[in-house]
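The values are calculated or read from the model by the stated rules, or taken from the named source; none is laboratory data. The structure displayed is predicted, hence computed values, not measured ones. Don't worry about glycine lacking a Cβ; one is built from the backbone with ideal geometry, like all the others, and counts go over all protein chains shown.
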Ligand code: ATR
């Protein structure tokens, strides 16, 4: 039951009605006995500033930020974590006594998801996509591993070179070249979302490759289906969603919700 002590959290995005974050976080608040509630706020780009003023005025405790606000929200915050400042992307806002802090948990979410399947060690990682998610994942994983990013728009891939990440164009020739080199493949584009498309033709996948997709609708994308057919280890996009959510929750509350609980709630949300 909500009462006068209930703290409010939420996700802002546009559109945001299909977000799985409310079911995941509300399940976690309930399980941990925290008096808080998490809602989805659909905020068009031109109202983002007003929405952030509202966060301050109402004392909303924390937010997730999703498309298309991950970059623009930075203008309305008081401080940024090192990672979010470097990549220019925020997916988590913490309201600390009226000061709004920006963080990104996308990279760590991807790292934790991958670590379910393998030890990253010194493995070579090929990421397809240099959008908001691709940048965050590449930046995080490049702290300990060699990373190459291929992107349809070359400049976005090249912009990552200042972090020591090799960037190149997404085409068949480069896919062939870097897939021979890579031990881990991550799709960080939206290709395959609600469609039977794949960013990497199935015949290019080798058995010893670990393949992760950030797309979670469908849960088994064409990329993951074809990878499994070839005997690859795979990690679905829902795990990344779960772990980025867990990291956001930790930043807000200091508690770490159970991953199985978060995933179960998200799976129920997907099938609704
Ligand atoms: P997100 O925050 O989810 O990463 P985004 O910033 O819009 O979303 O990034 C989408 C990514 O998917 C980009 O890397 C985009 O490539 P461009 O930078 O060239 O736009 C990639 N993408 C989307 N549709 C694609 C397609 N049909 N083929 C290849 N890449 C695609």
* Which listed residue is within 14 Å of the ligand (Cβ to nearest atom) and either on the phi > 0 side of the Ramachandran plot or surrounded by 21 or more Cβ atoms within 10 Å (Cβ to Cβ) (or both), from 33, 109, 71 -> 109
* Asked: Hey, among the residues in region 186-203 that are surrounded by 21 or more Cβ atoms within 10 Å (Cβ to Cβ) and within 17 Å of residue 136 (Cβ to Cβ), which one's farthest from the ligand (Cβ to nearest atom)?
  -> 186
* Could you name every one of the helices (runs of 4 or more DSSP H) located completely within region 196-272 that has at least 3 residues being without any contact (Cβ under 8 Å) to a residue 24 or more places away in the chain? => 222-229, 259-271
* **Tally, over region 75-97, of residues that are assigned to a helix (DSSP H, G or I) and either in contact with a strand residue (DSSP E or B) (Cβ under 6 Å, 6 or more places away or on another chain) or within 14 Å of the ligand (Cβ to nearest atom) (or both)** => 2
* Any chance you could count how many residues in region 34-72 are free of Cβ contacts under 8 Å to residues at least 60 places away in the same chain and more than 18 Å from residue 249 (Cα to Cα)? => 19
* Asked: Before we move on, is residue 187 modelled with pLDDT of 95 or more and either within 29 Å of residue 20 (Cα to Cα) or over 15 Å from the mean Cα position of the chain (by Cα) (or both)?
  -> yes
* Name the one entry in 230, 222, 263, 206 that is under 30 Å from residue 100 (Cβ atoms) and surrounded by fewer than 23 Cβ atoms within 10 Å (Cβ to Cβ). => 263
* Test each condition in (1) in a loop (DSSP other than H, G, I, E, B); (2) within 16 Å of the ligand (Cβ to nearest atom) for residue 174 and report the one that comes out false. => (1)
* Structure fact -> Of the listed residues (115, 155, 119), the one being within 13 Å of the ligand (Cβ to nearest atom), surrounded by fewer than 24 Cβ atoms within 10 Å (Cβ to Cβ) and without any contact (Cβ under 8 Å) to a residue 12 or more places away in the chain is 155
* Structure fact -> Within region 103-122, the count of residues that are touching a helix residue (DSSP H, G or I) at 6+ places or on another chain (Cβ under 6 Å) and assigned to a loop (DSSP other than H, G, I, E, B) comes to 2
* Asked: Would you call residue 100 in contact (Cβ under 8 Å) with a residue 24 or more places away in the chain, away from the ligand (no atom under 16 Å from the Cβ) and outside any strand (DSSP E or B)?
  -> no
* Could you tell me whether any residue of region 80-95 is touching a residue at least 24 places away in the same chain (Cβ under 8 Å), out of contact with any helix residue (DSSP H, G or I) (no Cβ under 6 Å at 6 or more places or on another chain), over 24 Å from residue 150 (Cβ atoms) and surrounded by 14 or more Cβ atoms within 10 Å (Cβ to Cβ)? => yes
* Structure fact -> A careful count of residues in region 125-134 that are over 10 Å from the mean Cα position of the chain (by Cα) and within 8 Å of the ligand (Cβ to nearest atom) gives 4
